[in-house]
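Novice: The structure under discussion is supplied below as structure tokens; questions concerning it will follow.
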Amino acid sequence: MSKDHRHRVTSRAMKPLPPDGEGPVLAWFKSSAYHAVITAAWMIPLMVVGLTAEQGGSVEWMKLWPVWAFVLLFVVAMYFGVVRSAECSAGVEWLRVGNKWVRLYELVEVTAQKRDLDYLLALKDGAGRELKVRDKDLQNDQDVWDLVYNGILHSVIAGEAESNRAARSAFDLPRQKPHWME
């Protein structure tokens, strides 16, 4: 495996399946366990340096087991909550995140909400299917993001999907035409 691909799973055996009745998977991204473990492991020395600095350079805090329990819990939380990306796959007309999916060219609602450094993107299609995903998870793979963004753009422009100000601003989506102008 090349150094550039250590952060993602590339095995064809791990490639996700498309939703029932939908076309093939054209692009997908799943973060590798290797990447998540290495990133989470870097948190330990960073926390040691930070806690030592907080204690004025004293290392006496290292003798206290509750501190190490906290450090371990923090690293585990980072691994599962922040470092691991959602598994995203996309076809020509659909996006799947985990076991939820939507039809991208039939979206009726596209909203975003600022979450720390990312946006949480919420998509709802005409059949009532909904999913939420961090923009970073979609943008881990340029092909996934291109397929998703094209579908969102089409739904907003041609399908008149509703979008909120955060989605329009973050993803450069056009404003819908007011109904009275039709």
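The values are calculated or read from the model by the stated rules, or taken from the named source; none is laboratory data. Bear in mind the structure is a predicted one, so any value in this text is a computation, not a measurement. All Cβ positions, even for glycine, are placed from backbone atoms using ideal geometry, and neighbour counts span all protein chains on display. Side chains are part of the model used for accessible areas, which takes the heavy atoms of the whole protein and leaves out ligands, DNA and RNA. Shrake-Rupley method; radii C 1.70, N 1.55, O 1.52, S 1.80 Å.
Novice: Take the alpha-carbon centre of region 102-152, take the same for region 57-73, and report the distance between them in whole Å.
Specialist: Computed from Cα coordinates, the inter-centre distance equals 40 Å.
Novice: Considering only protein heavy atoms, what is the solvent-accessible area of residue 146 at a probe of 1.4 Å, reported in Å² to the nearest 10?
Specialist: 70 Å²
Novice: Between residue 58 and residue 160, how many nm apart are label points set 7 Å from Cα along the C-beta direction?
Specialist: Distance between the two pseudo-spin positions: 6.8 nm.
Novice: Roughly how many nanometres apart are two label points built 7 Å out from the Cα toward the Cβ at residue 143 and residue 72?
Specialist: Once both label points are built, they end up 4.1 nm from each other.
Novice: I would also like to ask the following. Return the FRET efficiency for the residue pair residue 136, residue 100: r is the Cβ-Cβ distance, R0 is 22 Å, and the value is rounded to the nearest 0.05.
Specialist: Efficiency computed from Cβ-Cβ geometry: 0.80.
Novice: So, one more: What list of ³J(HN,Hα) values in whole Hz, one per residue of region 102-114 in order, does the Karplus curve 6.51 cos²θ - 1.76 cosθ + 1.60 (θ = phi - 60°) give from phi, with Gly and Pro shown as x?
Specialist: For region 102-114, the Karplus-derived couplings read 9, 8, 5, 8, 10, 5, 10, 8, 10, 10, 9, 9, 5 Hz, x marking Gly and Pro.
Novice: Between residue 115 and residue 44, what is the label-point separation in nm under the 7 Å Cα-to-beta-carbon projection?
Specialist: Going from the residue 44 label point to the residue 115 one covers 2.8 nm.
Novice: Next question. With a 1.4 Å probe and all protein chains in place, put 80, 171 in order of accessible area, largest first.
Specialist: Sorted descending by solvent-accessible area, the residues read 80, 171.
Novice: Could the peptides 153-164, 53-64 be put in order, highest first, of the mean number of other beta-carbon atoms found within 10 Å of their residues?
Specialist: 153-164, 53-64
Novice: Under 5 Å between amide hydrogens, which residues at least 5 positions from residue 162 or on another chain qualify, with H placed 1.01 Å from N in the peptide plane?
Specialist: Here 109, 110 satisfy the definition.
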